[in-house]
Amino acid sequence: MLTLSNKISLGRIFCIPPLVFCITQVQHNDHYRYACLFIVFIIGLTDVLDGYLARKRNEMTSLGRYLDPFADKLVLVISCIILSSDRIWPEPRFPNWIPAIIVCRDLLLICGTVALLLITGRVNCRPTILGKASTCLQIIAVVSLLVGNHVPVPALTVIWWATVASTFASGFFYMYRGVRQL
């Protein structure tokens, strides 16, 4: 049975196709930028809402523990990849190595989680402050590109390096925690 929180997380996943469509249309009509920002706002709002409702209604589920971060990662990975494409997204865009780092970290975490489940039968998937900071900075990086040239290049560079640093730090911490669980 799906709880309301799990349905909201699924709704976030269903927001991805309209977001992708709007991102691909920005180069043809800059007004789609506002649609992108609106969809990202809705995704962020539902992310906060599903966690709040799960706690308030005491509906924390095993499915929700995996579905919520999966929805977040899916939105961010897809957005980062598309926002680095010179064929789809106008300037400014992510350098290709930033989405590569984010994708590699997330794939490593998924493989580690599956390995822990297979070896130990359980896994500690609670988010950490570093993981939340990394996700927050990734969101800021995506939004900073969606707003276009309103963010100066030096500020973008700082955001990108902070995002990469937090992505590495959280990835190493999750690996450390996983090894300790073994």
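Readers should treat all values here as calculations from the given coordinates under stated rules, not as data from a laboratory. It should be emphasised that the depicted structure is a prediction, and the values quoted were computed from it without experimental measurement. No Cβ is skipped: glycine too gets one built from the backbone with ideal geometry, and neighbour counts run over all protein chains shown.
Residue 9 sits among other residues whose Cβ lies under 10 Å from its own Cβ, and their net charge, with Lys and Arg +1 and Asp and Glu -1, is -2. Here the Karplus curve 6.51 cos²θ - 1.76 cosθ + 1.60, taken at θ = phi - 60°, turns the phi angles of the range 149-154 into couplings of 7, 7, 9, x, 4, x Hz, with x standing for Gly and Pro. When the charge dipole of the range 1-128 is built from unit charges on Cβ atoms (+1 for Lys and Arg, -1 for Asp and Glu) and taken about the Cα centre, the candidate among 29, 123, 97 whose Cα reaches farthest toward its positive end is 123.
Only Cα pairs under 8 Å and 6+ residues apart enter the sum, and on that basis the relative contact order of the chain stands at 23 percent.
Couplings 3J(HN,Hα) for the range 55-64, derived from phi with the Karplus relation 6.51 cos²θ - 1.76 cosθ + 1.60 (θ = phi - 60°), are 6, 5, 8, 6, 10, 6, 10, 4, 4, x Hz, where x marks Gly and Pro.
Taking trypsin sites (Lys or Arg not before Pro) in DSSP loop conformation with at most 11 other Cβ atoms inside 10 Å as exposed sites, the chain has its longest uninterrupted site-free stretch at 123-182. Every helix of 4 or more DSSP H residues in the chain counts as -39500 (n - 2.57), and over all residues that averages to -26000 deg cm²/dmol at 222 nm.
How high is the FRET efficiency from residue 155 to residue 126, r the C-beta distance, R0 35 Å, rounded to 0.05?
Efficiency computed from Cβ-Cβ geometry: 0.60.
Across the range 1-82, the mean sequence separation of Cα contacts (distance under 8 Å, 6 or more residues apart), normalised by length, yields a relative contact order of 47 percent.
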